1. Counting Lys and Arg as +1 and Asp and Glu as -1, each charge on the Cβ, what is the dipole of the range 19-109 about the Cα centre in debye, to the nearest 20?
2. Under a crude label model (7 Å from the Cα following the beta-carbon direction), how far is Leu55 from Leu70 in nanometres?
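Every number here is computed from the coordinates shown, using simple stated rules; none is lab data. Here the structure is a predicted model, which means the values were calculated and not measured. Here the Cβ is made from the backbone with ideal geometry for all residues, glycine too, and neighbour counts use every protein chain on show.
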Amino acid sequence: MSHMSSNDRSPGAPAGLDPELLELFDQAPLVATDDEAFVGVMLTRLRHARRRSLLARLITTLAIIVSGALLAPYVAQATLIIAGWVTLYSPLAGLCTALIAWRIARRRLN
């Protein structure tokens, strides 16, 4: 391995690169088919991965929507039962009623 000084460099060669190595690269035949095949395979894999991810998101979203639609009546019924209990039996019911009455009376005065 020889040490290359800045004077050994050809005028068009980038700094730090061996001119003989650059010449060998320039003379080497291009093997674009292997590179193109590799890139094609990678792009195909990426497309398939994106499709799988999109399909998984779609299935998850549909499952959430369907389960929400099926559970909505039960959630609404439970909410009404709890709201009815709070208004009838909770000590906070009087406080809430007084607060609402105060708010209505205040609006009428303004």
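1. Here the size comes out at about 1560 debye.
2. Roughly 2.3 nm, to one decimal.
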